[in-house]
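Worksheet: one structure, shown below.
The values are calculated or read from the model by the stated rules, or taken from the named source; none is laboratory data. Remember, predicted model here, so these are calculated numbers, not experimental data. Every residue, glycine among them, receives a Cβ derived from its backbone with ideal geometry; neighbour counts consider all protein chains shown.
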Amino acid sequence: MPESPGTVRVRRQGSVMRLSLERGALNVLDRPLGRALAQAVAEASADRSVAVLVLDGGAARGFSAGVEVADHVPGTVADMLAAFHGAVRSLWACECPSIALVHGFAMGGGLELALACDQVVVEQGAKLGFPEIRLGCYPPVAAAILPARIGWAAANELVLGGEDFTPERALALGMVNRVCEDGAREQALADLLAPLLRQSPAVLREARVALRLAVGGAQESALAAIEARYLRELMSLADANEGIAAFMAKRAPQWKNG
């Protein structure tokens, strides 16, 4: 499986496939990274000798600071959604179980990407959040999956308020599987991997597909509807464009309520 410089590093560790995001200190998710990740996940899924896929933030300061803000403009937003959601959908469709390993931060699309995996490990010092609402937009993947995953009330608070939250709160909500001490994520990963790697890889894949059948159709149809509304309704608002422009100019947005 080839590596894509500046995007995804691919390593094989026995029957475990490790995919590491590699895009600078913040692992900002641009369109080439989204497409490279989708391809790498699809190839791992097609390799029947892969028992588990692990996605991590590599040597960056954190897992990912989110999707490239500069791509949230009319000329590139559709392609941005296609590339990023292509990576998310590849993780949803992956036949082998997937585990996200989060350190430092997972913000916006970065956290959505981690939550697209089947299990999530987060270091206790990590910064989590869906800040998109503060930029005049919202997180489509989170909107599609969080109400069923953590409940309507909590999903509303996190998406509509846009405030950061702790790994401990994410664990209490059932959003993640493990919170570990900073620097201990590899040991936490080993603890999650141990029971999985004792099973038949073929049966593990079948069980994983069975688990996804309960939610897969609902989340896919929800995301498709949200994507369409995002492009048709949200991106026609002046405030959506103002939020991105204000972020890029490093100033406070001036909302017009339209």
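Observations on the model:
- Just one of (1) exposed (fewer than 15 other Cβ atoms within 10 Å of the Cβ); (2) farther than 16 Å from Gly129 by Cβ; (3) in contact with a strand residue (DSSP E or B) (Cβ under 7 Å, 6 or more places away or on another chain); (4) not aromatic (Phe, Trp, Tyr) fails for Asp164. It is (2).
- Failed item, numbered, when Val179 is tested on (1) over 18 Å from the mean Cα position of the chain (by Cα); (2) outside any helix (DSSP H, G or I): (1)
Per-residue answers, yes or no, for (1) at pLDDT 95 or above; (2) over 24 Å from Ala144 (Cα atoms):
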| site | (1), (2) |
| --- | --- |
| Ala172 | yes, no |
| Met175 | yes, no |
| Glu181 | yes, yes |
| Glu206 | yes, yes |
| Ala218 | no, no |
| Ala228 | yes, no |
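- So Leu193, is it out of contact with any Leu (no Cβ under 7 Å at 6 or more places or on another chain), within 26 Å of Gly58 (Cα to Cα) and either of a type in the set (S, T, N, Q) or in contact (Cβ under 8 Å) with a residue 24 or more places away in the chain (or both): yes
Residue-by-condition table, conditions (1) surrounded by 14 or more Cβ atoms within 10 Å (Cβ to Cβ); (2) without any contact (Cβ under 8 Å) to a residue 60 or more places away in the chain; (3) among the β-branched types (Val, Ile, Thr):
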| residue | (1), (2), (3) |
| --- | --- |
| Ala148 | yes, no, no |
| Gly174 | no, yes, no |
| Arg178 | yes, yes, no |
| Gln187 | no, yes, no |
| Ser200 | no, yes, no |
| Ser221 | no, yes, no |
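- Flag for Leu211 being out of contact with any strand residue (DSSP E or B) (no Cβ under 9 Å at 6 or more places or on another chain) and either surrounded by 13 or more Cβ atoms within 10 Å (Cβ to Cβ) or on the phi < 0 side of the Ramachandran plot (or both): yes
- Yes/no for Gly109 being within 13 Å of the chain's Cα centre (by Cα) and buried (at least 22 other Cβ atoms within 10 Å of the Cβ): yes
- Answer from Ala51, Ala78, Ala44 - the residue that is modelled with pLDDT of 95 or more and surrounded by fewer than 20 Cβ atoms within 10 Å (Cβ to Cβ): Ala78
- Elements of type strands (runs of 3 or more DSSP E) contained in segment 40-148, each with 1 or more residues being small (Gly, Ala, Ser): 98-102, 105-107, 127-129
- Residues that are touching a residue at least 12 places away in the same chain (Cβ under 8 Å), part of a helix (DSSP H, G or I) and not hydrophobic (A, V, I, L, M, F, W, C) within segment 152-168 comprise Gly161, Pro167, Glu168, listed in sequence order.
- Enumeration of residues in segment 202-219 that are in a helix (DSSP H, G or I) and without any contact (Cβ under 8 Å) to a residue 24 or more places away in the chain: Val203, Glu206, Ala207, Ala210, Leu213, Gly217
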